[in-house]
Structure formats: structure tokens, C-alpha cells
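Okay, structure first, notes after.
The values are calculated or read from the model by the stated rules, or taken from the named source; none is laboratory data. As the structure is a prediction and not an experimental result, all values here were calculated from the model. Methodologically, a virtual Cβ is constructed for each residue, glycine included, from the backbone with ideal geometry; neighbour enumeration extends over all protein chains shown. These accessible areas exclude ligands, DNA and RNA; they are computed on the full protein's heavy atoms, side chains included. Shrake-Rupley method; radii C 1.70, N 1.55, O 1.52, S 1.80 Å.
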Amino acid sequence: MIDLKTLTIKKAHDHLSKKDFTASDLAHAYVKEIQNKNPDINAYLETYADIDAQAKLADQKFEAGTAGILTGIPLAIKDNILIKGRIVSSASKMLQHYTGTYDATVISKLKEHAPVFLGRANMDEFAMGGSTENSAFGVTKNPWDTSRVSGGSSGGSAAAVAADMALAALGSDTGGSIRQPASFCGLVGFKPSYGAVSRHGLMAMASSLDQVGPIAKTAEDAELIFNAIRGKDRMDSTTLEIINNTTEAKKHFRIGVPFSFMDKGVDADVMKNFTDSLEALKKLGHEIVDIELPNIDHALAVYYILMPAEVSSNLARFDGVKYGLHKDGKDLLEEYLLSRKEGFGDEVRRRIILGTYVLSTGYYDAYYNKANIVRALLVRDFETAFENVDFVATPTSPIPAFKIGEKSADPLAMYLADIFTVSANITSLPAISVPSGFANREGKLLPLGIQFTAPFKHDDTLFTIGKLFEQSRVY
Ligand code: GLN
């Protein structure tokens, strides 16, 4: 019996190397969990038919002595990352039957190691949401309490890992979609510096904010995946090579906390857990510094102007002609209207309308341009803060996982839950969410997370602080 509960990538690799079990054994153990749990949790929209063949390939690599750290590691892939020859739908009716025509760069980089792709993970449609309730194919339940959401938009990726239906996963993060579901499910979620990971083959939501990254059980596992997918890519001109900067081996950090920003509707248990976490960090020898980020109050407004603007432009390509769903109409305009009406869910349409509005003549200056100006101010705020501190820390989410249906009728309430995560995307900065303990609700433990944000390109130091924090075991 393989103990999936305590397994990490590092441990699995050691067992595979020592031939305690094969990649095929490991894949079968996960497939069994998926068969048992997925009908209820709905983390996967599809599990792949060729899992056995993929695992055999990994086993051959072990036989040949060419296996790497990710060889044979069973992964879930968010349903907006292209894999050649496989369906990839962004959990949208629009692309329900769409098959990837090429591998995303992150996929081709992973394939070099021969991991096992178990299946495609559920998500909010086109990554728009924070609960996976916007999937066209049903919500993903939180394995810690199935009456609650798994978070979003990468809720399927997080739930798969949390329920031992995958050892790790890829997600995408435009405003928190890796970090927030990771925190709701008791996992580590990492959003790289903008450009650290190629977006080639990631279905675009808001191109200036999107990044692919890992969801995993430990900071070390997340780091292993990040190291496999990072790097400059000639297919994405915004990518850059980030030199590993952890060699300085610094062990004591100055951690900035924007305390005046913390009274914004943060749940009492979340706040208590956050202050406990800060105490634990102090005990480890780190210094906690009160910092000001003068424009941080505007971050959410900036995000919910810029993001829909980019969404409205990116999703214009889904016209019923070029890709996916097509509806016949009496003329071209009617075909566009019918196809988009049928293909897109409510939240996607809401954002397209919002985005079109903020980009329209007359409102462009009032909204889009102004948001861009404040974006630049926010970048400056963080730069100033980082002159004095190594990291900025906040809770990842102001609330623990909420009930399915609790916020779906009120989009604004849902948007407010993104208050702590959006600024990293707006400012291009790397950020990590690390499990920090639990809130108790109705006798169930709901995981919480602490978020660390680092200066641009200092991605690697986030794994250092993540590992140090994990060792502090505050809970
Ligand atoms: N919850 C945020 C939103 O709804 C983040 C989405 C994301 O990161 N893809 O836009």
C-alpha cells in the first residue's frame, strides 16, 4: 500500500528510484482514488485514457537510468492549458469539444521529464471566478467540507491534490486563482513573477496578469515544478530568465505587513490565525515591520477594471467561426450573437460587457487609463516597501472556504474575496500561499493560508520563506 496522504514529490521520487513501487503502481493508486472520490468532488472533467502508457514510459526511464525528479509523478492539469491531441475546454460550453493542436510550453517542458498527466482539472469558466462555481460542468467541492467551495478559479487542481487524486497540479493565476484555492484546500500555491513562466498555450484571460504555476503539498514540491516550467520562451516575448537568487542563504528576514489594510472585512478567525503566524515567524528570528502601501485600497478596483478590459478583447476570438461552438443565424451578426450567447456563461458575459464598457470612447480615459495610472502607483508602492523589507505578508484570503451557493448570486461579494491576491498580479510580483492553520466551522476544519509577496524576480526566496514557515508548524 502506498501512503498517498504523506507522499510528496521528493518522497515519491525516492521510492521510485529504490523500486519500492513503480510509476505504474503509483498511477494506479491515484486512479483508484479518482474513481472513488471524483464522482462527488468533481475535481476532474476528464481523466485520460492513456495513463497506463504514460506510466510505462516513466518506468522505462527509471529502468534506463534517465529518470528525473518529476518522472512518473502524477499531475492534474488545469483545463485551460493546451495539451496536443487532448480536449481542453476552459470549463466552457464554447470549447466543450475543442482539442489542443499543440503543447503549451509548460507542457512540453514537463513532458521532457515524463510525468503522468492524470486528467484535466475543473475550473471557473475561462478562469473567471473564485469558487469554481462558474464552471459550465458543475462545481468542484472542497474535500475538507463538501458543502463548501474548493476556491477558484483553479479549484479542480487544488481539490485533486487535497483529496489525493493527484500529487501536484498546474493552475493559472490572474488575480489569485492559484493561491486562493490552495489556501482553501490546505496546500501551497505559487504565482510566479510575470514572465517567469511562458503563457504560450495557456488560454488567455487577461494577458498582462496571467501566469501558470504549481499547486502542491509543500513549498519544496511547488519549487520542483516551478523549476521545471520556468524560463525564457521564444513563443512568448514577455518571458524572461530569472536567475536563482537563493544562494545568499539568508535565514532571517524582514517581513512587512500593511497593518492599516488589515481591518478590511477580514474574518476574525483568519485575523487570529494571521497574527499567530506572525508570532511564529518572530520566534523563528524574523522581524515583523508595519508598512504602508498608500494605494493598496485601490488594488481591487484597478483589477476589476483592467482584467475585464483585457477579457473583452481576448475573448473576442470566440465568435462561433474560428473555434468551438457554432450556431446558425440568418446573417453573420446573428451567428456571432447566438454562438456567444449559447457558449458563454453569465460571469464571462458580465466581464465582457464590463470590459467593453471601460474601453469604450468616453469611458476609456475615466476608467481604463486611470486604472493603468494607479497600477503604476501600486508598482511604486511595493518598490518603496521592498527598500526596507524582504517580503510583504497578508492572509491569502480574508475568509475561509465558503458554502457552495453562498456568494454565487452576488458577484461583488465574490470579488471582495480577492482583496489580498490581486495586487501581486497588478504589480507583476511573485507570491506564494502557504498553509497556516485552520478555522473551525460547524465542527469541520477549514484550511487557511498566509501569503508572502517578494520583489520582482525574487521568486526563489519565496520557497525559502515557505519552507521556513512550514517548519515552524504553528498549528
Ligand atoms: N478570483 C479572481 C477573478 O475572479 C481571480 C481569477 C484568476 O486568477 N484567474 O477574477
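Are there helices (runs of 4 or more DSSP H) fully within region 410-475 with at least 1 residues that are open to solvent by less than 10 Å² (accessible area, probe 1.4 Å)? List them.
Hits in region 410-475: 422-426, 459-472.
Based on what the data block shows, is Ser108 crowded, with 23+ Cβ neighbours inside 10 Å and among the polar types (S, T, N, Q)?
no
Give the number of residues within region 175-215 that are surrounded by fewer than 24 Cβ atoms within 10 Å (Cβ to Cβ), under 14 Å from Lys78 (Cβ atoms) and in contact with a Leu (Cβ under 8 Å, 6 or more places away or on another chain).
Going through region 175-215 one residue at a time, the tally reaches 0.
Are any residues in region 121-174 open to solvent by 10 Å² or more (accessible area, probe 1.4 Å) and part of a strand (DSSP E or B), and if so, which ones?
Lys141, Thr146, Ser147, Arg148
Are any residues in region 145-164 more than 9 Å from the ligand (Cβ to nearest atom), in contact with a strand residue (DSSP E or B) (Cβ under 7 Å, 6 or more places away or on another chain) and not charged (D, E, K, R), and if so, which ones?
Matches in region 145-164: Ser147, Val149, Ser150, Gly155, Gly156, Ser157, Ala158, Ala159, Ala160, Val161.
Among the residues of region 80-98, write down those that are more than 25 Å from Ile225 (Cβ to Cβ), open to solvent by 50 Å² or more (accessible area, probe 1.4 Å) and not in a loop (DSSP other than H, G, I, E, B).
Within region 80-98, just Lys93 meets the criteria.
Do we have any residue at all in region 363-382 that's within 16 Å of the ligand (Cβ to nearest atom), of a type in the set (Ser, Thr, Tyr) and in a loop (DSSP other than H, G, I, E, B)?
There is no residue in region 363-382 that is within 16 Å of the ligand (Cβ to nearest atom), of a type in the set (Ser, Thr, Tyr) and in a loop (DSSP other than H, G, I, E, B).
Return the pairs, sorted by first residue and then second, in which the second residue is open to solvent by 50 Å² or more (accessible area, probe 1.4 Å) and modelled with pLDDT of 95 or more, the first residue lies in region 455-475 and is within 12 Å of Ala222 (Cβ to Cβ), the beta carbons are less than 8 Å apart, and the residues are 6+ apart or on different chains.
From residues that are within 12 Å of Ala222 (Cβ to Cβ), the pairs are Phe463/Glu220; Lys467/Glu220.
Would region 355-370 turn up any residue that is closer than 19 Å to Ala136 by Cα and touching a Leu at 6+ places or on another chain (Cβ under 6 Å)?
Looking for residues that are closer than 19 Å to Ala136 by Cα and touching a Leu at 6+ places or on another chain (Cβ under 6 Å), one finds none in region 355-370, hence no.
Taking region 14-32 as the region of interest, how many residues are in a helix (DSSP H, G or I) and touching a helix residue (DSSP H, G or I) at 6+ places or on another chain (Cβ under 9 Å)?
Looking only at that region, the number is 11.
Among the residues of region 304-343 satisfying the criterion of being open to solvent by less than 40 Å² (accessible area, probe 1.4 Å), more than 23 Å from Tyr415 (Cβ to Cβ) and not in a loop (DSSP other than H, G, I, E, B), which is nearest to the ligand (Cβ to nearest atom)?
Result: Gly343.
Tell me which of these Ala299 doesn't satisfy, since it passes every other one: (1) farther than 30 Å from Met94 by Cα; (2) within 22 Å of the chain's Cα centre (by Cα); (3) away from the ligand (no atom under 13 Å from the Cβ).
Single failed check for Ala299: (3).
List the pairs whose first member sits in region 337-361 and is more than 19 Å from Lys327 (Cβ to Cβ), whose second member is part of a helix (DSSP H, G or I) and open to solvent by 60 Å² or more (accessible area, probe 1.4 Å), and whose Cβ atoms are under 8 Å apart, counting only residues at least 6 apart or on separate chains?
Once the first residue is more than 19 Å from Lys327 (Cβ to Cβ) and sits in region 337-361, its partners that are part of a helix (DSSP H, G or I) and open to solvent by 60 Å² or more (accessible area, probe 1.4 Å) give Gly355/Ser313; Tyr357/Tyr367; Val358/Tyr364; Val358/Tyr367; Leu359/Ser313.
Restricting attention to region 29-36, does a residue exist that is closer than 22 Å to Ala219 by Cα, polar (S, T, N, Q) and exposed (fewer than 15 other Cβ atoms within 10 Å of the Cβ)?
No, region 29-36 contains no residue that is closer than 22 Å to Ala219 by Cα, polar (S, T, N, Q) and exposed (fewer than 15 other Cβ atoms within 10 Å of the Cβ).
Just wondering, is there one or more residues in region 344-361 that are loosely packed, with under 13 Cβ neighbours inside 10 Å, of a type in the set (Asp, Glu) and away from the ligand (no atom under 16 Å from the Cβ)?
No.
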